[in-house]
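Reading through the C-alpha cells given below for one structure.
The numbers here are math on the coordinates, done by the rules we state, and not lab data. Just so you know, these numbers come straight off a predicted model, no measurement behind them. Please note: Cβ atoms are built from the backbone with ideal geometry, for glycine as well, and neighbour counts cover all protein chains shown.
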Amino acid sequence: MIPVFMEISHNQTLEMLRAPVKRELDLLEKLFRASLHSEMPLMEEICELLKRVPGKRLRPNILLLASKSAGSIPEDAITAGVAIELIHTATLVHDDIIDKHKVRRGRPTIYSQWGTEIATIVGDFLYSKSIACLGEESLFEVMEILARACNIMSLGEMMQFQQSRNIYLSERGYMELIFRKTASLVSAASECGAIVGSGDRKYEYRSNFSLFGENVGLAFQITDDLFDYLAVDERIGKPIASDFTEGRVTLPFIAAFRNAPEMKKRRVSELFLVDFKKDMHWDEVVTFVQNYGGVEYSMRKARELGESAKSSLANIEPSLEKDALSLAADYVVRRIDGISS
C-alpha cells in the first residue's frame with residue numbers, strides 16, 4: 001500500500017505516482033513524442049522543440065491509474081492518454097498567446113519565438129492530432145468526453161477574458177472559472193480512464209472518477225494560484241505576479257479582499273485597477289493577501305477539495321492504483337507545504 005504522504009521530495013512523489021503504471025507511461029511517452037511529427041519543415045522544427053520540454057504527464061498518469069482501478073489498462077487507455085497530453089500541450093501554447101508569456105518553465109514559448117499566428121496554428125495542429133489519434137482507434141466515447149472538455153475550456157478562456165480586472169469576482173465565479181479552465185480536463189482524463197479500463201461492461205463508478213478528477217483539478221489550480229503569494233519564482237511555469245499584473249483575480253486575493261477593512265480595500269483596488277507597478281507594489285499586495293487570510297483560506301480550501309477527491313473513490317475496490325490516486329490528491333495540495341511552512 002502506498003503511504004498517503006511522507007517527508008519525501010517533489011520528484012520522489014511523482015515517481016511514486018508513476019510506479020504502478022510505469023511501463024504504460026513509458027510507452028505513452030514514446031507514442032506522444034512520435035505524434036509530434038509533421039511533414040512540413042517549420043512544424044517539424046517546432047515539434048522537435050516541444051519534445052524537449054519536460055512534462056509531469058499528470059493527466060495521463062491519472063488516466064492510467066483510473067483505468068487500472070476500474071479493471072485493466074488496455075492499449076486504448078494509452079491512446080487516450082496521448083490525446084489528453086496533446087490537448088493539454090495545445091492549451092499551454094494558446095494560453096501563452098493570450099497571456100503574452102515569453103517564457104514557460106525557463107524556456108522561450110512558441111509565441112515569443114514565432115509570434116501569434118504560428119503559435120495559434122501549432123495549438124490547432126495539436127488539437128487536431130488528438131482527434132486524429134482517437135479516430136484512428138475508433139475511441140468515439142473518449143472523443144465525445146474530450147470534445148466536451150475542450151468546449152468547456154474554451155468557454156473558460158472567454159469567461160476569464162470577461163472577468164479581467166473584475167476586482168469583485170466572487171468565490172463562486174472563480175470556482176466556475178477554474179473548473180472550466182483546469183479541472184474539466186483532469187475530470188475528463190479520470191473519467192476516460194474509468195471507461196476504457198472497464199471494457200464493454202457498464203461501469204457504475206464512472207461518475208466517481210469524474211468527480212475525483214474535478215476535485216483534484218480544482219485543488220491543483222488553487223495551489224497554483226497560491227504560489228504567487230508565497231513568493232515562489234518562475235520555476236512553477238509562469239512569471240511571479242503574473243495573475244495580478246494581467247488583471248486576474250484568484251482565490252487568495254478574493255478571500256483577503258473579503259476580510260479586509262474598507263481603507264485597505266480602496267488602496268489595493270487602486271493598485272489593481274490603475275497604478276500597479278510590479279517592482280514597486282508587489283510586496284504590498286502579497287502582504288495584503290497574507291495579512292487578511294487569503295493564503296490560509298486558500299490552503300484550507302485546497303485541502304478540503306483534496307479530501308473530497310479521495311472520498312469520491314471510497315467505494316472503489318482497494319488496489320495499488322487506487323492508493324496512487326489518493327497520493328495524487330495529496331500531491332497537488334501538499335506541493336506547497338514546504339514553501340508555506
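Here's how it looks for Arg104: its modeled amide H is under 5 Å from those of Thr109, which are all 5 or more places away or on a different chain. Result for the chain in a Gaussian network model with C-alpha springs under 10 Å: among Val295, Val216, Val274, the largest mean-square fluctuation is at Val274.
Using only Cα atoms, find the angle between the long axis of helix 140-162 and the longest principal axis of the chain, and express it within 0 to 90 degrees, rounded to the nearest 10. With rounding to tens, the tilt is 10 degrees. Protection proxy ranking of 281-292, 81-92, 186-197, by the mean of other Cβ atoms within 10 Å over each peptide's residues and highest first, is 186-197, 81-92, 281-292. With neighbour counts taken as other beta-carbon atoms within 10 Å, the residues Arg18, Arg59 rank, fewest first, as Arg18, Arg59. Centre-to-centre separation between the Cα atoms of region 174-219 and those of region 16-61: 22 Å. The trypsin sites (Lys or Arg not before Pro) of region 128-222 that DSSP puts in a loop, and whose beta carbon has at most 11 other beta carbons within 10 Å, are Arg165, Arg201, Lys202.
For the chain, the longest principal axis of the alpha carbon atoms and the long axis of helix 41-51 meet at an angle near 80°.
Which of the trypsin sites (Lys or Arg not before Pro) found in region 21-118 are loop residues per DSSP with 14 or fewer other Cβ atoms within 10 Å of their Cβ?
Values: sites: Lys22, Arg23, Lys30, Arg33, Lys51, Arg52, Lys56, Arg57, Lys68, Lys100, Lys102, Arg104, Arg105; in loops: Arg52, Lys56, Arg57, Lys100, Lys102, Arg105.
Hits after loop and neighbour filter: Arg52, Lys56, Lys100, Lys102, Arg105.
Taking every DSSP helix (H) stretch of at least 4 residues in the chain, weighting each as -39,500 (n - 2.57) and dividing the sum by the residue count yields a mean residue ellipticity at 222 nm of -22500 deg cm²/dmol. Relative contact order for the chain: 23 percent, from Cα pairs under 8 Å spaced at least 6 residues apart, divided by residue count. Sites listed here are chymotrypsin sites (Phe, Trp or Tyr not before Pro) in region 126-202 whose DSSP assignment is loop and whose Cβ has at most 16 other Cβ atoms within 10 Å: Tyr168.
For a test of the definition: using alpha carbon positions, the gyration tensor, and the 1.5 limit on a/c, classify the chain as rounded, prolate or oblate. In terms of gyration-tensor shape, oblate.
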